[in-house]
Each structure stands twice: as structure tokens, then as C-alpha cells.
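Trainee: Have a look at this one.
The values are calculated or read from the model by the stated rules, or taken from the named source; none is laboratory data. These numbers were taken from a predicted model, which means no experiment stands behind them. Every residue, glycine among them, receives a Cβ derived from its backbone with ideal geometry; neighbour counts consider all protein chains shown. To get the accessible areas, we keep the full protein, side chains included, count just its heavy atoms, and leave off ligands, DNA and RNA. Shrake-Rupley method; radii C 1.70, N 1.55, O 1.52, S 1.80 Å.
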Amino acid sequence: MSTPLLEVRDLKTHFHTKEGIAKAVDGISFEVYEGASFGFVGESGCGKTTAALSIIKLLPENGKIEGGQVLFRGEDLAAKSDEEIRLRRWKDISIIFQGAMNSLNPVMKISKQITEAIRLHEDISIPESRKRVKGLFTQVGLNPALLDQYPHEFSGGMKQRVMIALALACNPLLVIGDEPTTALDVMVQAQILDLLEDLRRSLHLATILISHDLSVIFDACERLAVMYSGKIVEMGNSREVYTRPAHPYTRKLVAAFPDLELEKQRKTGKRTLGKSIAGDPPNPLGRISGCKFHPRCEWADKRCSEEDPVSMEIGADHHVFCWKWDKIG
Amino acid sequence: MSSRYLGNKIAQALITIFIVLCINFFLFRIMPGDPLSMLMRNPRASQQAIQKAKEFYGLDQSLPVQFGRYLQDLLKLDFGVSFMFKKPVTEVIGGKVGPTLLLLGVSEIMAIVLGIYLGIVAASHRGKIVDIGTISVSLLLYSLPTFLLGMVLILIFSVYWGLFPSTGMVTAAARYATLWRQFLDLLSHLFLPAITLALTLIGEYGMLMRSSLLEVLSEDFIVTARAKGLREREVIRKHGYPNALLPVVTAISINLGLTIAGAIQVETVFSWPGIGRLMYDALNNRDYPLLQGIFLLVCICVIVANLFSDLLYMVLDPRVKS
Amino acid sequence: MFVSPSFRISKKLGLILLIALLAVSAFSTVLKVGWTVEPDSVSPFIAYNLPAAEVFLLLYDPLVALNDQEEPAGKIAETWELSEDQLTWTFNLHEGIRWHDGEPLTAEDVKFTYELFINTGLGLFSGFLNGIESIECPDDFTVMIHTAEPKANMLMGNTPILPKHIWETVAEEDLELWENEPAVGSGAFAFLEWRKGEYLRLKANADYFFDKPKVEEVVFILFANNDTLAQALKTGEISAAVNINPMQLPQLSQSPNLLAVSSPGYGFTQLAFNCWESEDSKGHPALLDKRIRQAIDWALDKQAILDMTYLGQGEVGTTLIPPILQKWHYKPGDSELRVYNPEKANALLDAAGYLMGNRKIRVDSQGNELNFRLYLRSSNTQEIKAGQMIKKYLQAVGIEVSIETVDDGLLMDLIYADAEFDMFIWGWGTDVDPTTILNVMSTNEIFGLSDCFYSNEEYDRLLSLQASQMDVTQRQETVFAMQRILYEDSPYAILFYDNEFQAVRTDLFSGWKRIPEKGAFFFTINANNYVTVTPK
Amino acid sequence: MPIDKVTTFQRIKNAFSVLYGNKTGFAGFLILCFFLFIAVFGPFIKPYDIMDFGGAEDILRPPSFEHLLGTDDMGRDILGGLIAGSRISLLVGVMATVLSMFLGAAIGLGAGYFGGFIDAVLMRLTDIFLVLPWLPLVLVLAAILGANLWNIILVIGLTSWAGTARVVRAQTLSVKERTYVERARSLGSSNLRVILRHILPNVFPVIFANTVLIAAVAILSETTLSFLGLGDSLNQSWGMMLHYAFECGAASIGAYWFLLPPGICVVLVVLGFTFLGYALDEWINPQIRKR
């Protein structure tokens, strides 16, 4: 593997709410390599989106990076001022939001929304930037004639393509996809994922995909991290984690997709709903000592409830944070 | 598609206007007391004179016939003759529209500009003292009856400090050395009533803008804009305002009905010679034609304002067109 | 830190103050009079209210006006004489009087005006002309008026003389709808502009034949309420105010630039009873018994009511003609006078057959309760207060009162159209001559001016008698007798003669005089103040 | 006013929920309890008779030991008047609200439940009531019916239901689709039964939350009507006190004690209802806030 493009070390992001401090991201470390794809998976509220947004400090007012480093090509983004970060956004790292929903300004023409980003970071004329947008449209499989439409005139899939075009506008090195395919139907979902994959390869992009849907991450990412309650519980090569899930939580996630034949799913266009996992996700404000998962874990013992599990390398590029991983049958 | 939307809205407005016409006509016919006794003060009026007056005002016909005539006349923009002023209603109302428009216009503009500004300030200092202050003041203004606010302002600015006149639109029958003085005179008379009306509106518009902006700022596309690297100011200006103003624009046009209620009170307290006071006087004198005229005018204004807000929305929000 | 913002504020205040000052600096040769009621019309055939009568005094001249001492003084008529038989009046007119439009005023105008009033019977003034048989004009400046009987009030009516060349173009049956705007008269002031609901402007008649006004204009400004009226006076926006709220009198009197007066007015406020003895009457039958009406009069503490409504400014009411008309006002003797005495009221009610029932309400032998509807005008706070107090006083003697507040128009309907009432409160204004107000109570006026449907043959006889009694003492006797009858029968319980409250600015104008000596400035018997007052 | 103000209420409420949490709701509750207590036990706290006029020397006395808030233009104790007035003002507020709610709920339920033609007609009617300028309409109605307490209640109730009807209709539409309602309908329950047994209980929270907000509007309306001279002059509400204060020129003679206390009472009660309304809303039905 090549050198890491992005190296995150012991990142902590907390939200200050009136009820108390929520440790949304509670000390996570991971690397993303140039041109490689990385995925975050976990239940909603586990902190995966916060982790991704922390990279470019795109946090709500009450969210703050409390510790750790975000090394992007060796520079610590976490230590930079808001203004410095602002100039790096989109140029180096861009994000694809859930475009099918509300990530595009409804009262601004698509072309304007994209050229705005380009002209913010590059000193080029409007016609030139429009030309670039046309190119981007073609690249993501949209008819350039639709350039001056408004978002509501697009279907969900088309909007998502617009989002991708927008993300690529400034030729970034890293693209983060935050649930990029959620709310799309399965056929479109697959198309978008394929598009992303193609673009990644052809443009030599690094991508970070975030999804609550294990199947999406397994399918689209070379490496992944499973998050639970602000912590990474298992991380490594996708195939490795899929075939040998070690953490009880990962096991349950995997088990929740009994029929994990992704190809088949795609062909039939049918989605198998996973079984839900027993118990509720923890309250982000709660202070669970030891392993965060222990209240829901059937194998947990005293140690699990007292000591934070440490990273254990259990295979080639396969780490797990669990005291009992080897005790589980 | 958009023409269908438009057509639909116009049709709705027309139906509403027709129903208002009916309400307008029949409601005023069941008012107690005989309008003729107000019209003819002479208790010894001869039968001929009464008959003549009845014919003149069309009161001798049966209700349906009167209604028919009423509709016919309306088409000719003939609103009948005011009992009180014994002049055509259009003429009477026409003389009072100016002052009301002036009052409403000035206070609306003040309220819109200040209200939106306050809303933005409050929203961008969410939860801070400025925000809490704005909300508290807005709520207080909301809870304060308009007339009471007017009286309190009179108490302070006219009675105790003697800064502003408290009545009328100009110093009555004054002659002015210069046009500028005349303007100042109008301004000093306008100050208190306009402030009163504006204050009651500022709170509302401020709250409206605040909540609208906060709602917009929590939208995903704002995060997109931030992610693109726009400055926070630009995010709010380019993506926040255009979206946040949409509901505010609508609310302001729809609010006209409410503003008119305020205007009636303000005009009563400050003796402002406008439609509001005219309506109050017409009511006391049971001047049916005049009352009908005013009521109709006000209703149509509100309905048209609603229609206008729909159209404006169509222009401002591309989503509505489809 | 604290200095700069407050400095800025004071600068702003200064600016505002400047604006306000500039605003009120109007020309003081304009006499601005604030009032709270405006004329119902400027046509003498349509108008019935007092402000209209006041305006007619300025716009028009009568043949003979009244001087400050209530004596007839020449106006259009320079001199006049009465024939030996007291049936023919000859008026010699001033020559050279011109109407505001420049046409000359002649005897024909007088004849035309009087005949028009007599023929139509419309307006405030036609009543004054009762008894006139014929009018002739031997020349342009002589008018001879023949009457069937001697006419005692010939010189008292202030009847405006109207320009024939204008009014002859109006068909008689259209008179009640013809608004007479702009009014053309011959008076000290000419009609300039009337913005109804705002102001009425009159300008001085530069060619006036008599004393010319010292001001350029008189502007009557309508105020929505007493409150703003008083303020406008204080700020100098107006120079005079009528219908001031009595509550504001003490404060206004303290101002060195103001002269505020509370003076006896030409009118009274009454509690009227439905006295209509007819099948069609919708009034409570018990009120037809004069003992009940008297009992109500006994039961009211009028002084307390006057104290509460007008801060005691006025006089407790007795008879129909107010005491300011010293010549005509009849003061009931001690034996007749009814002064607050609930026991007397109770005794009378007992005598009338209404005994106290279970619910503390009196009932007659058939079990009919004494409960009366009392209508009050919602626009008049003083009358509402009085009504509430009356309810309380009557409750104390076992009479139940249910109060309903209605607008003026509705009350007029209830009274004049249907006689659908038991009691109500309002008031009358009176002239210098007693005939008009006495006439209200005549049988003839039922479904005319009579608001209580009272009828008494003896009273009617005396009414026509006094109209022809040229001897003041004799006439006085008759007028007294009539008032005695009314006081005994009490179709009205006259509550009080409320004072006029007026105030004027002494720093802006000089020459204010009260008419008569203890009277008011405006709404008096003549319009002299408007003419003599001088800008400072 | 009622209609437009409700949406404004909603916005103000949203703002408040962010800021104050339920503390304001509690404050509103306390304010209302205070006034309710005064209204109920007023006669025991301070006996007051509207007919108990003072003498001439008692008129418009400034606050003193004997009369803590001074006297009015008829020499009556203002504190006593305020206490007695609380009964009238609250009565009007509550009764008008009940009427408005009843109308709004009935029309909203009817329109939402039956749909089709009925819905179209009822909603058209609602739209018209939303559009008609409120105060002119109320002035005319009050003039037609005559000024007494019950007519004022009637007028306010008749003109303030449209906002509620809309909300109730929307809620009814969503409840109607629920399976148990479908089942009840298919089992042949009568419409009335389905509405009362299945729909109303689910719509009720919305109605209830709206009720408190309408009450504030009703009290404001009564005050305004009274001020404009269309009030019941024999039942002295706070609005009537303000009317008389205005009529006797309290402002210009500096009789602040006649003008301010009833004004402050009105403001407090309206604030109280607003606070409580927002809190109830949050408590009963959090998703309303999202609307």
C-alpha cells in the first residue's frame, strides 16, 4: 500500500448540549490511502458522520474537536484555523451529501451552485466555469442541457449525480460520501455506487463512504471501520472483516444480513431487510464505562464493563477492539 | 403548468370575493335599526320625502332586487351613496385611502426592514442575550393590545414630553411657509401612529424571519454551502436569506388582514383620518353603503394580497411552478 | 462610555423637538376651535344638532340677533316696529348687504326664506315661525310680517336668512337631500371647506356689513375624543375647545395660558319615561301612573349623579327650562320640590299598589313586577354612568332596571318609530325663547319631536297661550304654570343642567368674553366671540 | 387576527422552546393559576360591587393606603375592579375559546373524515374565514348582535375557529389512514362512532394545544372590542376599564393608575396563555412543533 493520504489519530469530537456533553467521536484512529476507498458503517447516531465531518471541521456550532490529529498529507487540519480550513474545503476534500434529500439549494440554479464552488477556489471566468460544469455533467452521466434547471426538476438519482458533479468540481483528492445512496431505490443506488467506483479509479480519488447499510460498505470499500457509540470497534480489509467478523457487534451486523449475496440483490433489485439487533443503541450522553457495547453483549464480563478494550491485531489489516473476541465461538 | 396554478388561484380568489359580496350585502341588511332614521334626522319628515329618500338609496325594493342592483352597480364601480356624507361611497373612501396607505406603508416598511433585521440578528446570536431580548420584546409586543400601546406612547411622548402631536394627520387647516415645513408637520404627526403600528408588526416579522432563517440554516444545503468553503456570511447571504425570505414574504402579504385590525385601532386612538376611522364612524352611523364599501375594499385588498403573495412566491420559489 | 450614547440620544431628541416645534407653528390669525361633534349638515333644512346651529350663526345672519345681554339687536334688520294691534311687524333692512357670492340681499330673500321654512316645516328654525300668516315686501328693504295672534317670540329665533337666488333652484321635495355645500350666506364668515370627520373651515367675510372679524379664518376641528382635544389645546394646536371633559378642567385651569370655564349650559339631561297612553304603546304600563314616575324622581340622588358624571359641575335638575334662562326657569317651591328621599319614593310606590315582593322587587296585585328597560347611548359615557347609578337607586326602592346600551341611531328608532322603551337618558338643548323646548311636550308632537309621548290638554292650551302673550310678566306666568304641570306629571325626571366646559388660549388670542356674564365663549346665544377675538 | 396570530404563535413558540425549555411553560401556568385563583376567590379576597360608587371626592384618586391602586372615574377601587374584571375577562376568554374549538374541531373533523364534496365545501368556508379581515368582521357582527357579554363571546368564537379547523383536518387525515380506524370502518361502525371513538382521541391533543393559544387571542379580542366601544358596559372587564380610562382622558390627565393596571393584567394573562400553550404543545405532541 502507498502512503496514507489522510491519517486520523485519536480524534475526539464532542457535542455540548444543554443536557451535557455527548462524546460523538471518542478517540478514533484510521488511515485512508491515496486513491483508495474507505468505509464507515454503524447504526445511526454512532458517530460515523461526525467523524467524517470532523475531518474538515464541518461541525455544528455546539460540536468541537477536543483532541487528536487529522493529518492530511502530513498537515494537521485539526490544528488549523477556521479560515485556513475553509480554503481547503472542496479544493482538497469534498463531500457528497444525501443529494436526493435537501442538499441542494432549492432556489438556485444547478449551474450556479456548482460554479459558485469553482469560482470560490479558482480564479476563472464564468463561461470557463460553466464549461467545466458541462464537462462534469457529462462525466457523471447527466445531460449538459439540464445545466440551468432547478434541483426540484431532477429525480433523486439525478440529484445525486449532480451532487457528485459538485463534489468533483474542484478536482479534490478526497471525496467523502455521507450516506450517498440512502433514500434512493436499489437500482439507482447501484448505479450511483458504480459511478463513484468508476470515478474513483479514473480520477485516482480517495473516497470515504459512510453508510448504515453494511452491504453498501462491503461492496464499495476496500477497507472499512465499524463504529459503535463514538468508537471504532473493528477495522480492516473489507473482505477480511466480512468473512471473519470478530467483534460481537460486527458479528450481529453481519448476521443481520443473512442473505448477503450482493450481486443477487442487485440483479433482482430486491433488498433484504436485515434483522434488527436486540437492544437500543446507547444514549450518546450516557457514560458507559469499559466497552460501550457491553450492556448489549451477551459475552460481556466484569472486565468488559470496567476497562476500555484496546486495539488487537487479529489478521492482516484486521483490528478489533474487544476483550473477548477470541472467546466467542 | 404554472398557468394552471395561477388560474386555480385566481378562480379561488374570485369565488372568495363573490362569497364576500354576498356576506357583505346580507350581513349589513340585518343590522338593527332603520338606516333611514339616521339618514333623515327630521322626525317630522313627510311620507313623500321618506319615499323619495328610500328610492334615492334604493331601500324601497325587495332584498333580492336590491342585491341584484347592488351587483350590477358594483360592476359599474358604483358603491352607492353614503348616508352620512351623502356623497358617492367611492368618493368618500377615495379621500381616506391616502392617509391609510401612508400609515400602513410607512409602518409596514419600518416593520419589514427592522423586523427582518432583528430576526437576522436574533437568529445569528441564537440563544445569546440579544436573541432572548428580541424574543421577549416581540412576545411582549404581541401580548400588548395595539390601542394600549398607542395610548402609552401618547402618555409618554405627547403628554409627558410634549414631543409629538397625538392627533390628526396634519396640524388642522395650517398654512405653511414652505413645503418642507408641511412635510415636517406631516412627519411629526405620522411618527407616533406609525411607530405604534410598526412595533406591533416588528415583533411578528422579527420572529418570523428568525425562525425561518434558523430553519433554513439547519437545512442540508447550508451544510453543502459551508462544505464548499463559503464564508459564514456568504452562506447566510447567498443561501440563507433567499430561502428564509420566502415564508416571510408570504406571511407579510397574508398579514394584511391583521394589519388592518391594527390600523383601525391606531386610527381611532390617534384620530388618523383614514379608512379605519371611517369604518368606525360608518359603523356608529349605520352608514350601510359606506360600511359595505369599506368592508368590500378591505376584503378585496386582503384577497388580492393573498393572490399577490402566491404570485410572488411563484416568482421567488422555482418549486411552485411545477 | 456612557457619555456618547446619551449625547447622541439627546441630539436626536433635540431634532425631534425641533420638528415638533416647527410643526405647530401655524398662523395665529386662524382661530382654531376644537370640538367633538360636528354639524349633521350645513343645510338649515337638514341639520338638527347644536354644532350646526353654531355654524349657522357664523354663516348666516338673522333679521334680528341677540346681544350679549340676551336682548334683540339689529342685524339684517336695522330697525323694526310692531303695529298697534300687535299683529304686523315691519322690518327695515340694512341696505347694501351682499351675499358671500356678491349678490345683493333684499327683502325678497327674507320673504322667501321664511315662507320656505313655514311651508316645509323642516329644520331647527321652522318652529319659530309658527303663527306667521303672510309676508309682504313693499320695497327691496322692507319686510312686513302679519300674524294671526300676537307673536311673542318674533325676535328670538335666530332664523338664518337664506339667499333666494340659490334656494329657489332646489325643488321643495328635494330639500331634505340637498346638502347646501358650499353654503352661501351673508354672515361674518363664509364657507370655505368642509372635510367631514376632520374640519370645517370658514373665512372672514371681508365685505361684512357689521363688525368685521379680526381673524382671517375660523376652523372647527373635529376630535375623536375629549382626551386628544385637551392635548391639542395644551400644545396650542387649537386655540379654543368646546365639549371638554370635566375631568380635565382642574388641570387645564392651572395652565397660565389657558382660560377654562365651566358655565351653565342651555340644556338639560333627563331620564325620560314612556307616557304614551295608547294601545300601541310598548312601554311598561306602570309608568303611565304619575305616582310611579314621581317616586322614581324621589328615589334618585341627583346631586350624587351630577357629582359622579360632571364632578358636580352643573345644577340638579327640576323643570324643563334651565336656570340660565332666568326669565323663564321655574323654580319649584319647597312644598313641591322633590329632593332625594327614598322613604317618600317607597310610600308613593306603596300607594300606587306596588308592594315589595319576594325578590326585593315590587309587584302589583296581579303579580306584575316593576321592572323597566333603560336605554343608554353607548357613545355617551356620562349617560352610562348616570344610568348605572339610577339602576342602583331604583333597586333600593324595589324597582328593577335592566340597562341596554345602544347606538344613537338605534335609540332614535326605538323612541320615534315604535315607542319601544320604558326609560332612556339623553338631553335637550334649549333656545333663549322657551317655546321650542316647551313644544316638545305638546300632544301635537307625538310622532314628532315628543320623545316621551306625553299629552296634557291644559298644557297644550297654555303652550299656544304663551306664544301670543306679548307682556313678559304674563307670559312668564304661563310658562311657569306649564313647568309646574310638567314637574307634577314628571314625564321626565330631569337629572341635571350640566355645565358647558370650554377653554381658550389667552396667549394666542385676546378679547375673550363670556356670554352672558357667567356664560361660555361659544355655543351661546350669539356668535360674537368669533368676531371680536383678536390674534396676539 | 386569530388566524394569522396562531401561526405567529407557533413561531414564537418554536423560538421559545429553544430558549427557555419548560420553565416558561411553568411560569405561564403560575400566572394563569394566579389569575384563576383571583377570579374564583375574588369576592373573598376583596368584595367588589360595580354599583358601589364613591362620592365626588373619591373620583380618580391616586394610589393610597386605602386604595392600593387608586380609584376610577366613578370612585370605585381599581384593585377591586381588576379582581372583579378578571372573572369577566377569563370568562370571555374561556367561553369564546370553547366555542371556537368546538366549531374548529367539528369542521376540521368533518372535512377530514368525510373528504370529497364535504371537505371541499368546508375547507372553502375555512379559507374564507381565514381571508376575511378579522376586526372589521367582528366589528360588524358585534354591531349587529348588540353589545353584551354573550354576544361578544359568540362573535369571537364565530370568527376564530378557522385556524383550528385546518390543523384538525390535517391531523384527522393522517389518523384516518391508520389501520385500526380502517378496521373499525370496515366492521361497519357508524361514522359518528368512528369519529368519536377512534379519531377524536387522536386528534384531541392538537385541539387541546390549540385551545390555550386561542384563549390568548380571545382575551385580546375582547379587550380590543371593549376598547372600541362594542363591549358590555355593564360587565366591567379589563377591556371595559381601559375603555373608560380612555374615555375619561386618563392618559392626558396623568391618571396612570387607571390605565396601566388593567393593561398590565391583559398583557400578563395573554403571556400566561402563550407560555402555557407552547409548553402544552411540547408536552402533548412534540411533532406539532415540526409543522
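Trainee: Would you pick out the residues in the range C:436-454 that are out of contact with any Lys or Arg (no Cβ under 9 Å at 6 or more places or on another chain) and either open to solvent by less than 20 Å² (accessible area, probe 1.4 Å) or modelled with pLDDT of 95 or more (or both)? Walk me through it before giving the result.
Mentor: First, pick out the residues of the range C:436-454 that are out of contact with any Lys or Arg (no Cβ under 9 Å at 6 or more places or on another chain): C:436-444, C:446, C:450-454.
Residues satisfying the conditions are C:Ile437, C:Leu438, C:Val440, C:Met441, C:Ser442, C:Ser450, C:Asp451, C:Cys452, C:Phe453, C:Tyr454.
Trainee: Quick check on my filter: what residues within the range B:269-282 are open to solvent by 10 Å² or more (accessible area, probe 1.4 Å) and either facing chain D (nearest Cβ under 10 Å) or over 21 Å from C:Ile221 (Cα atoms) (or both)? Spell out the reasoning first.
Mentor: To start, the set of residues in the range B:269-282 that are open to solvent by 10 Å² or more (accessible area, probe 1.4 Å) comprises B:271, B:273, B:275, B:277, B:280-281.
Listed by number, the residues that qualify are B:Ile275, B:Tyr280.
Trainee: Another question, if that's okay. Scan A:Ser29, A:Ser2 and give me the residue that is among the polar types (S, T, N, Q) and either farther than 25 Å from A:Arg296 by Cβ or modelled with pLDDT under 85 (or both).
Mentor: A:Ser2
Trainee: Which residues, taken from the range C:347-384, are among the polar types (S, T, N, Q) and touching a helix residue (DSSP H, G or I) at 6+ places or on another chain (Cβ under 8 Å)?
Mentor: Selection gives C:Asn368, C:Ser378, C:Ser379, C:Thr381, C:Gln382.
Trainee: State whether one or more residues within the range C:392-400 are among the hydroxyl-bearing types (Ser, Thr, Tyr), in contact with a helix residue (DSSP H, G or I) (Cβ under 8 Å, 6 or more places away or on another chain), within 13 Å of C:Trp298 (Cβ to Cβ) and within 13 Å of chain D (Cβ to nearest Cβ).
Mentor: The answer is yes, given that some residue of the range C:392-400 is among the hydroxyl-bearing types (Ser, Thr, Tyr), in contact with a helix residue (DSSP H, G or I) (Cβ under 8 Å, 6 or more places away or on another chain), within 13 Å of C:Trp298 (Cβ to Cβ) and within 13 Å of chain D (Cβ to nearest Cβ).
Trainee: Could we say that B:Leu312 is of a type in the set (A, V, I, L, M), within 11 Å of another protein chain (Cβ to nearest Cβ) and either assigned to a helix (DSSP H, G or I) or crowded, with 20+ Cβ neighbours inside 10 Å (or both) here?
Mentor: Values: of a type in the set (A, V, I, L, M): yes; within 11 Å of another protein chain (Cβ to nearest Cβ): no; either assigned to a helix (DSSP H, G or I) or crowded, with 20+ Cβ neighbours inside 10 Å (or both): yes.
No.
Trainee: Does B:Thr146 satisfy the criteria of being surrounded by 15 or more Cβ atoms within 10 Å (Cβ to Cβ) and out of contact with any Phe, Trp or Tyr (no Cβ under 9 Å at 6 or more places or on another chain)?
Mentor: It is true that B:Thr146 is surrounded by 15 or more Cβ atoms within 10 Å (Cβ to Cβ) and out of contact with any Phe, Trp or Tyr (no Cβ under 9 Å at 6 or more places or on another chain).
Trainee: For the range A:58-70, which positions are in a strand (DSSP E or B) and free of Cβ contacts under 8 Å to residues at least 40 places away in the same chain?
Mentor: Result: no residue meets the conditions.
Trainee: Okay, next question. When B:Pro165 is evaluated against the numbered criteria (1) within 28 Å of the chain's Cα centre (by Cα); (2) more than 10 Å from chain C (Cβ to nearest Cβ), which criterion, by number, is the only one it fails?
Mentor: Looking at each condition in turn, B:Pro165 falls short on (2).
Trainee: Of all residues in the range C:290-321, which are among the hydrophobic types (A, V, I, L, M, F, W, C) and open to solvent by less than 10 Å² (accessible area, probe 1.4 Å)? Walk me through it before giving the result.
Mentor: Keep residues of the range C:290-321 that are among the hydrophobic types (A, V, I, L, M, F, W, C), which gives C:292, C:295-296, C:298-300, C:304-306, C:308, C:311, C:316, C:320-321.
C:Ile292, C:Ala295, C:Ile296, C:Ala299, C:Leu300, C:Ile305, C:Leu306, C:Met308, C:Leu320, C:Ile321, listed by residue number.
Trainee: When the range B:190-228 is examined, which residues are found to be surrounded by fewer than 24 Cβ atoms within 10 Å (Cβ to Cβ) and within 14 Å of chain C (Cβ to nearest Cβ)?
Mentor: Those that are surrounded by fewer than 24 Cβ atoms within 10 Å (Cβ to Cβ) and within 14 Å of chain C (Cβ to nearest Cβ): B:Leu190, B:Phe191, B:Ile195.
Trainee: Being touching a residue at least 24 places away in the same chain (Cβ under 8 Å) and surrounded by fewer than 18 Cβ atoms within 10 Å (Cβ to Cβ): is that true of A:Lys131 here? Give the steps one after another, and end with the answer.
Mentor: Values: touching a residue at least 24 places away in the same chain (Cβ under 8 Å): no; surrounded by fewer than 18 Cβ atoms within 10 Å (Cβ to Cβ): yes.
Considered against the rule, which asks whether it is touching a residue at least 24 places away in the same chain (Cβ under 8 Å) and surrounded by fewer than 18 Cβ atoms within 10 Å (Cβ to Cβ), A:Lys131 comes out as no.
Trainee: Kindly provide the set of residues from the range A:1-29 that are closer than 11 Å to A:Ala225 by Cβ and crowded, with 22+ Cβ neighbours inside 10 Å, ordered by number.
Mentor: Once the filter is applied, which keeps residues that are closer than 11 Å to A:Ala225 by Cβ and crowded, with 22+ Cβ neighbours inside 10 Å, the range A:1-29 yields A:Val8, A:Ile28.
Trainee: Specify the residue that is nearest to B:Gly262 (Cα to Cα); the eligible residues are those in the range D:127-158 that are of a type in the set (Val, Ile, Thr) and more than 11 Å from every other protein chain (Cβ to nearest Cβ).
Mentor: Only one residue fits best here, namely D:Ile156.
Trainee: Now for a separate question. Looking at (1) in a helix (DSSP H, G or I); (2) surrounded by fewer than 22 Cβ atoms within 10 Å (Cβ to Cβ); (3) away from chain B (no Cβ under 12 Å); (4) touching a helix residue (DSSP H, G or I) at 6+ places or on another chain (Cβ under 7 Å), find the lone condition where C:Ile403 falls short.
Mentor: (1) is the only condition that C:Ile403 fails.
Trainee: How many of the residues making up the range D:49-74 are open to solvent by 10 Å² or more (accessible area, probe 1.4 Å) and either in contact (Cβ under 8 Å) with a residue 60 or more places away in the chain or within 14 Å of chain C (Cβ to nearest Cβ) (or both)?
Mentor: Let us first name the residues in the range D:49-74 that are open to solvent by 10 Å² or more (accessible area, probe 1.4 Å), namely D:49-69.
Remaining after also requiring either in contact (Cβ under 8 Å) with a residue 60 or more places away in the chain or within 14 Å of chain C (Cβ to nearest Cβ) (or both): D:49-63, D:69.
Count: 16.
Trainee: Can C:Gln366 be described as farther than 22 Å from D:Asn151 by Cβ, away from chain B (no Cβ under 14 Å) and open to solvent by 50 Å² or more (accessible area, probe 1.4 Å)?
Mentor: It is true that C:Gln366 is farther than 22 Å from D:Asn151 by Cβ, away from chain B (no Cβ under 14 Å) and open to solvent by 50 Å² or more (accessible area, probe 1.4 Å).
Trainee: Also, quick follow-up: So for the range C:114-136 (the condition being of a type in the set (Gly, Ala, Ser) and in a helix (DSSP H, G or I)), does at least one residue qualify?
Mentor: Checked against the condition, which is being of a type in the set (Gly, Ala, Ser) and in a helix (DSSP H, G or I), the range C:114-136 yields at least one hit.
Trainee: Moving on. Answer with yes or no whether B:Val248 is more than 9 Å from every other protein chain (Cβ to nearest Cβ), open to solvent by less than 10 Å² (accessible area, probe 1.4 Å) and out of contact with any His (no Cβ under 8 Å at 6 or more places or on another chain). Steps first, please.
Mentor: Values: more than 9 Å from every other protein chain (Cβ to nearest Cβ): yes; open to solvent by less than 10 Å² (accessible area, probe 1.4 Å): yes; out of contact with any His (no Cβ under 8 Å at 6 or more places or on another chain): yes.
For B:Val248, the condition - more than 9 Å from every other protein chain (Cβ to nearest Cβ), open to solvent by less than 10 Å² (accessible area, probe 1.4 Å) and out of contact with any His (no Cβ under 8 Å at 6 or more places or on another chain) - is met.
Trainee: Identify all residues within the range D:218-275 that are aromatic (Phe, Trp, Tyr) and free of Cβ contacts under 8 Å to residues at least 40 places away in the same chain; write none if there are none.
Mentor: Listed by number, the residues that qualify are D:Phe227, D:Phe246, D:Tyr256.
Trainee: Here are the criteria: (1) more than 17 Å from the chain's Cα centre (by Cα); (2) surrounded by 19 or more Cβ atoms within 10 Å (Cβ to Cβ); (3) over 18 Å from C:Ile321 (Cα atoms). Tell me which single one C:Met482 does not satisfy.
Mentor: In the conditions (1) more than 17 Å from the chain's Cα centre (by Cα); (2) surrounded by 19 or more Cβ atoms within 10 Å (Cβ to Cβ); (3) over 18 Å from C:Ile321 (Cα atoms), C:Met482 misses (3) alone.
Trainee: Out of everything in the range C:150-172 that is more than 22 Å from the chain's Cα centre (by Cα) and modelled with pLDDT under 90, what residue ends up being farthest from C:Leu129 (Cα to Cα)?
Mentor: Among those residues, the one meeting the criterion is C:Ala171.
Trainee: Let me ask another. I'd like to check something: does the range B:121-129 contain any residue that is assigned to a helix (DSSP H, G or I), surrounded by fewer than 23 Cβ atoms within 10 Å (Cβ to Cβ) and either modelled with pLDDT of 90 or more or more than 13 Å from chain D (Cβ to nearest Cβ) (or both)? Before you say what the answer is, go through the steps one by one.
Mentor: Of the residues in the range B:121-129, the ones assigned to a helix (DSSP H, G or I) are B:121-124, B:129.
Adding the requirement that they be surrounded by fewer than 23 Cβ atoms within 10 Å (Cβ to Cβ) leaves B:121, B:124, B:129.
Within this subset, residues satisfying the condition of being either modelled with pLDDT of 90 or more or more than 13 Å from chain D (Cβ to nearest Cβ) (or both) are B:121, B:124.
The answer is yes, given that some residue of the range B:121-129 is assigned to a helix (DSSP H, G or I), surrounded by fewer than 23 Cβ atoms within 10 Å (Cβ to Cβ) and either modelled with pLDDT of 90 or more or more than 13 Å from chain D (Cβ to nearest Cβ) (or both).
Trainee: Now for a different question. So A:Glu83 ticks every box in (1) touching a Leu at 6+ places or on another chain (Cβ under 7 Å); (2) at pLDDT below 85; (3) open to solvent by 50 Å² or more (accessible area, probe 1.4 Å) but one. Which box is left unticked?
Mentor: (1)
Trainee: Just one of (1) at pLDDT below 85; (2) surrounded by fewer than 24 Cβ atoms within 10 Å (Cβ to Cβ); (3) under 30 Å from C:Leu105 (Cβ atoms) trips up C:Gln251, so point out which.
Mentor: If we test C:Gln251 against (1) at pLDDT below 85; (2) surrounded by fewer than 24 Cβ atoms within 10 Å (Cβ to Cβ); (3) under 30 Å from C:Leu105 (Cβ atoms), just (3) comes out false.
Trainee: Going by the conditions given, is C:Ala386 surrounded by fewer than 22 Cβ atoms within 10 Å (Cβ to Cβ) and either β-branched (Val, Ile, Thr) or not in a loop (DSSP other than H, G, I, E, B) (or both)? Explain how you work it out, then say what you get.
Mentor: Values: surrounded by fewer than 22 Cβ atoms within 10 Å (Cβ to Cβ): no; either β-branched (Val, Ile, Thr) or not in a loop (DSSP other than H, G, I, E, B) (or both): yes.
When the stated conditions are applied, C:Ala386 does not pass them.
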